[in-house]
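Just below is one structure, and these are the notes that go with it.
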Amino acid sequence: MMSFSSILAAQIPHAVGAAYALKLRKEAGRAVLVTFGEGTTSEGEWHESLNFASIHKLPIVFLCENNKWAISTPIDRQMGNPNVFERAPGYGMPGEQFNGFDPLETFEVVDRAMKRARSGEGPSLIEGMCYRYLSHSTDDDDRTYRTREEIEKERAFDPVPCFEKVLLEAGVMNAAQVDQLKKDVLRETNEATDEAEAMPFPEPKDLYTHLYEGAWEPWQ
């Protein structure tokens, strides 16, 4: 699992490179899944990556998580066609849009696209429609670009309580199990956060560790 880049769209060509490596190494049955927001699709790296992946029929799935706001830009200010998946035919690959708030539908669409990639049929572009309830980051004040009423309206589709209801009605879990799961998740999250924050800062000598294969010094 490669880390998500903080530079918008930078992870896309990285993922394409990983998929290209799988093909060159003839590692059949493997594929790459790369995720990004709809704002990323306005970056040049995104277009170049889809084009390259299509030309070389790489084993990769491009998953767009469309939360409708990027950082603070609404879709109608971001793109002429609000449906990202409809750009797929222009790159010679299939595209599909799905309800990103439905775990079962999400699994079905992602699984189908990944199986296609693993079988050597090439890349796909899939778009999960969702919504961001909180600010983009601690530096973002979302009150400057959207109303509280809009957020409250979207809350009705929050996937966590909605899927919880599905599990309860289907008898997959009971109320006690759901309550225990919530406690376990909170405990595990807090423990992981405490452990990470307690770790020492890296040493300056580790600056170039795991960046290059072999010697990294320019004079070697």
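Taken together, the values in this text are just the output of simple stated rules run on the coordinates, not laboratory data. These numbers come from a predicted model, not from an experiment. Here the Cβ positions follow ideal geometry from the backbone for every residue, glycine too, while neighbour counts run over all protein chains shown.
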Exercise for review: Scan [x] 19.2; [y] 17.4; [z] 20.2 for the value of Kirkwood radius over Cα pairs in Å calculated from this model and give just the label.
Suggested key: [z]
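Assuming 0.36 nm per residue, please report the length gained on full extension of the stretch E195 to A170 beyond their Cα-Cα distance.
Numbers: separation 25, 0.36 × 25 = 9.00 nm, distance 3.67 nm.
So the chain would gain 5.3 nm between E195 and A170.
Scan the stretch 1-107 for chymotrypsin sites (Phe, Trp or Tyr not before Pro) in coil per DSSP, keeping those whose Cβ has at most 12 other Cβ atoms within 10 Å, and list them by number.
Working: sites: F4, Y20, F36, W46, F52, F62, W69, F85, Y91, F98, F101, F107; in loops: F4, W69, F101.
Of the chymotrypsin sites (Phe, Trp or Tyr not before Pro), the ones in loops of the stretch 1-107 whose Cβ has at most 12 other Cβ atoms within 10 Å are F4.
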Exercise for review: With +1 on each Lys and Arg Cβ and -1 on each Asp and Glu Cβ, and nothing else charged, work out how big the dipole of the chain is about its Cα centre, in Debye to the nearest 20.
Suggested key: 880 debye
Practice item. With unit charges on the beta carbon (Lys/Arg positive, Asp/Glu negative), name the residue among P204, I71, A170 whose Cα is farthest towards the positive pole of the charge dipole of the chain. Key: A170
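Take T189, T35 and order them by how many other Cβ atoms sit within 10 Å, fewest up front. Please report the intermediate quantities before stating the final value.
Working: T189 10, T35 16.
By the 10 Å Cβ count, ascending: T189, T35.
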Exercise for review: Please identify every one of the GluC sites (Glu not before Pro) in the stretch 153-213 that sits in a loop by DSSP and has no more than 13 other beta carbons within 10 Å of its own beta carbon.
Suggested key: E213
Practice item. Per DSSP H run of at least 4 residues, take -39500 (n - 2.57); add these up for the chain, divide by its residues and hand me the 222 nm value, nearest 500 deg cm²/dmol. Key: -12500 deg cm²/dmol
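Anything over 28 Å Cα to Cα? Flag those among K153/K182; K68/K165; K23/K68, in the order listed. Don't skip to the end; give the middle numbers.
Working: K153/K182 24 Å; K68/K165 25 Å; K23/K68 34 Å.
Cα-Cα > 28 Å for K23/K68; rest within.
How high is the FRET efficiency between L207 and A10 when r is their beta carbon distance and R₀ equals 22 Å, given to the nearest 0.05? Walk me through the numbers on the way to the answer.
Numbers: r = 19 Å, r/R0 = 0.87.
The pair L207/A10 has a calculated efficiency of 0.70.
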Review point. Looking at Y131, G120, N81, which one has the Cα that reaches farthest to the positive end of the dipole of the stretch 76-165 (charges on Cβ: Lys, Arg +1; Asp, Glu -1)?
Key: G120
Study note, to complete from the structure: Calc'd 3J(HN,Hα), the stretch 104-115, phi into Karplus 6.51 cos²θ - 1.76 cosθ + 1.60 (θ = phi - 60°), Hz, glycine/Pro = x, comes to 6, 5, 4, 4, 4, 5, 5, 4, 5, 5, 5, 5
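Report the gain in length on full extension from D111 to K183: 0.36 nm times residue separation, minus Cα-Cα distance, nm rounded to one decimal. Don't skip to the end; give the middle numbers.
Values: separation 72, 0.36 × 72 = 25.92 nm, distance 2.96 nm.
Contour length minus the Cα-Cα distance gives 23.0 nm.
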**Study point:** Between the stretch 1-38 and the stretch 87-143, the alpha-carbon center distance in angstrom
**Key:** 15 Å
